[in-house]
Amino acid sequence: MDAVRVQIRKLLRETPTMPATVIVERIGWQRGRTILKERVVRELGPACLPGDPVSRTTYRRASRPSVTLWFSEADIPLGHG
């Protein structure tokens, strides 16, 4: 994977939304496609996407907490009665 990283980044700089299946064909990847696809989707692809031109907010990685709210449809008794 490390040997083709430069080629993948070059392709993604030219076309940031290029699907991993097309990248596989262009670089002549002969090994498992799943490994390359996961790496492109998780790491290389997002790093090559251009920033939002109207956004002024910048975020550091892992700096925003994620909160999931869940509201039960059933009444759940609380306390002693």
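The values are calculated or read from the model by the stated rules, or taken from the named source; none is laboratory data. The structure presented is a predicted model; accordingly, all values stated were derived computationally and were not measured. Because the Cβ atoms are built from the backbone with ideal geometry, glycine has one as well, and the counts that use them run over all protein chains shown.
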Those residues of segment 6-32 which are basic (K, R) and within 17 Å of the chain's Cα centre (by Cα), in sequence order: R9, R13
Enumeration of residues in segment 10-19 that are surrounded by 11 or more Cβ atoms within 10 Å (Cβ to Cβ), free of Cβ contacts under 8 Å to residues at least 24 places away in the same chain and either assigned to a helix (DSSP H, G or I) or touching a strand residue (DSSP E or B) at 6+ places or on another chain (Cβ under 6 Å) (or both): K10, L11
Please state which one of R56, R42, R31 is assigned to a loop (DSSP other than H, G, I, E, B), modelled with pLDDT under 75 and basic (K, R). R56
